[in-house]
Amino acid sequence: MAVLLGIDTGGTYTDAVLLDDETDQIIAKAKSLTTRPDLSRGIGAAIDAVLSDSGVVASSIAMVSLSTTLATNALVEGQGGRVALVFIGFEQAELAKADLGEALGGDPVFYISGGHSHSGSAIAPLDTDALSAGLESISADLTGVAIASRFATRNPEHEILARDIVRDQTQLPVTCSHELSQSLGGPKRALTAVLNARLIGLIDRLISATETHMRARGIDARLMVVRGDGALVSSQLARERPIETILSGPAASIAGAQWLTGEQNAMVSDIGGTTTDVCLLKDGMPKIDPQGAKVGKYRTMVEAVAMRTFGLGGDSEVQITEGLEGGIVLGPKRVMPVSLLAQKYPDLVHVALDRALAMEAPPKEATKFVIAQFDSSPVGLDAREQAVAARLLDGPLRWADAVQSRIEEPALQRLVTRGLVMSCDVTPSDASHALARMDSWDNDAACKAIAILARQRVGSGDRLSRNPDDAAQMIIDQLTQQTSWAVLESAFAEEDWPDPAGLARHMLTNEGRKNHSNIVRISAGMAMPIIGLGASAKAYYGAVGTSLGCATILPDDGGVANALGAVVGQVAIHEEGSVTSAGEGAFRVHLPDGPTQFSTKDDAIRVLRQVLTDRATAQAAVSGVEEIRISESLDLREAQIEAQTMFIEAHLRVTARGRPRITG
């Protein structure tokens, strides 16, 4: 019997599943809380639990596969390491394109002379002196460097030279844009490189934590990682290209949903602690997004499932809206539920909540706590950040105790944004505990926190709610509403309707969901079932199906669909390249080492095919594939001019596929 171990690390839970590869039967499944900053404890607990429950000997595990939403969550929440961008041959104005400047968020940018033209010819020498001088000014708290050069997909020479200089001078991880995508569009490629550099430390820690516990338990098996398109890659490649793991968890969940239900056509909605991910399952397969993965506001050049990710989950922050009538909105930020913090630190939480309940008008921050995600004070902090961090070294605090003056509040917020500190506040998970729909954590603390929230004043001066139960139900109803909007927005987008987000929230759509019938009759809803996935799906998604007038499928093992999907996929390595016209009778092949010219189109395409096939085959072999299948897609652009065929460009994509070798 070949046993496969699937692991999914999400923002709240880490799941583990053991699958019998011969019978396709789930042997055991387990959950543990994701532990930050030390991910190994949560991963280890999940692995230990699934082994204990099953009685399977660790040494008999033949393959381990890992999916995660950590990269997705980090981008949605604007978190990740601090990076620098080396921008070669670009003007400062181009920073405003593709949301690149916003993604950098004030991180340093070096504008360096150099770059290439569309043909692959250098437009200026690389200014190595300016690059070295810029690197000397980089502060010690950087976690990575991104490099993007003009038309690097036509000639990566300057990115490679800059990479070598940066590595030699800083010893930091470096991401080159041409290694992530062969598509044109410099600012968008630079954005993808910046996000990749920002995620390198996070994914490296995740993979290292998994490998460490595998060794400790005697699991001598290959570790694979799920890519955003659902394919498996080696852990080595995932370390180099962590940006490709965005939507890894959702991609695995689609595979798990299809495996669990056998459905061919459905909308899959996966609710986690931080995000809700929605994707169309059509003819048993997820659609691949031709424009590149979009996470939050950022459109990358990463190939991934056509998943729409929303900052909405069981641990989303509950915020009171402005206005006279008042109301609430959920997300997009994730916070630790009060009931979870109370389970770990009951004295701190209950004393603070009891004190607030004794007040007629408790302050807004009465339910808010903060907890450090570090064991020692991080480097690179300013004086105010250091002061706040020092207070948190002894354990979590009330928000009001973590800062001693108003001028320290921005410092604390910066620590939260950088992922060094986690906020704790009221969430839908707390509402579910208060209504006795869930009992995983401290129900009493959840009831107290919801009671304090209910007393908050809205714009009219009235309380948010008459009683705690109504406040808790208000949160659940808002989760139903926002989930319904997310599903409808995704459905409208699949049908290419303009402004899908606006349509999903439009008054007519909302009235149609209620089957309005007076002088006008309006009906709106989903014409196919929803597959609800995630640990909390059964608590919420029945109401979502009712809201959208469709069937809701809630598989028994839907809470671990991501971990299950992680072990049912295949390796797929893609390599791309192009041939362009260099004049009459001249065909330029843009190879990874630079352009090479040929006298015939057929020779140029033949050489490109061989180079791409060799590279894809080598990567597939590193990922453990022995029976490699090669496929290709050739996009040939030619024009007819005066009865003659004129070559313009050819783009070739070669894919190496196969199942990774099962050991043992």
>> To check my understanding: the extent here is largest minus smallest coordinate of the Cα atoms along each principal axis. What are those three numbers for the stretch 316-475, in Å, largest first?
In response: 46, 34, 30
> Could you give the length gained on full extension between residue 54 and residue 506, defined as 0.36 nm per residue of separation minus the Cα-Cα distance, in nm?
Replying inline: 157.7 nm
> Taking a threshold of 21 Å on the Cα-Cα distance, which of the pairs 282/333; 31/344; 344/448; 297/368 fall above it?
Replying inline: 282/333; 297/368
> Which of the peptides 461-471, 298-308 is most tightly packed, and how do the rest follow, judged by the mean count of other Cβ atoms within 10 Å per residue?
Replying inline: 298-308, 461-471
> So for the pair residue 645, residue 514, with labels modelled 7 Å out along Cα→Cβ, what separation do we get in nm?
Replying inline: 6.2
> If we sort 128-138, 71-81 on the protection proxy, mean other Cβ atoms within 10 Å, highest first, what's the order?
Replying inline: 71-81, 128-138
> In what sequence, highest mean first, do 351-359, 115-123 appear when ranked by Cβ atoms within 10 angstrom?
Replying inline: 115-123, 351-359
>> Nearest 500 deg cm²/dmol is fine: what mean residue ellipticity at 222 nm does the chain get from its DSSP H runs of n ≥ 4 alone, each adding -39,500 (n - 2.57), divided by its residue count?
In response: -11000 deg cm²/dmol
>> Between residue 375 and residue 351, what's the calculated FRET efficiency when r is the beta-carbon distance and R0 is 22 Å? Round to 0.05.
In response: 0.30
>> Can you give me the distance in nm between label points at residue 23 and residue 659, each placed 7 Å from the Cα along the Cα-to-Cβ direction?
In response: 1.7
> Applying 1/(1 + (r/R0)^6) with R0 = 35 Å to the Cβ-Cβ distance of residue 321 and residue 97, what FRET efficiency is obtained, to the nearest 0.05?
Replying inline: 0.60
>> At 0.36 nm per residue, and after removing the present C-alpha to C-alpha distance, how many nm does the segment from residue 208 to residue 417 gain when stretched out fully?
In response: 72.9 nm
>> Just want the ordering: 496, 439, 289, from fewest to most Cβ atoms lying within 10 Å of their own Cβ.
In response: 496, 439, 289
> Tilt of helix 186-217 relative to the longest C-alpha principal axis of the chain, in degrees (0 to 90, nearest 10)?
Replying inline: 70
> Among [x] 25; [y] 40; [z] 28, which is the computed percent of Cα pairs over 44 Å apart?
Replying inline: [x]
>> Along the Cα→Cβ direction, 7 angstrom out, place labels at residue 614 and residue 473. What is the inter-label distance in nm?
In response: 7.0
>> Using only the alpha-carbon atoms, how far is helix 248-261 inclined from the longest principal axis of the chain? Give it as 0 to 90 degrees, nearest 10.
In response: 70
> Helix 443-454 versus the longest principal axis of the chain: what angle, 0 to 90°, nearest 10, using Cα atoms?
Replying inline: 90
> Given R₀ = 25 Å, FRET efficiency for residue 124-residue 584 by Cβ-Cβ distance, to 0.05?
Replying inline: 0.35
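No value in this document is a laboratory result; all are computed from the given coordinates. Remember, it's a predicted structure, so these values are computed and weren't measured experimentally. Here Cβ is always computed from backbone atoms with ideal geometry, including for glycine, and neighbour counts include all displayed protein chains.
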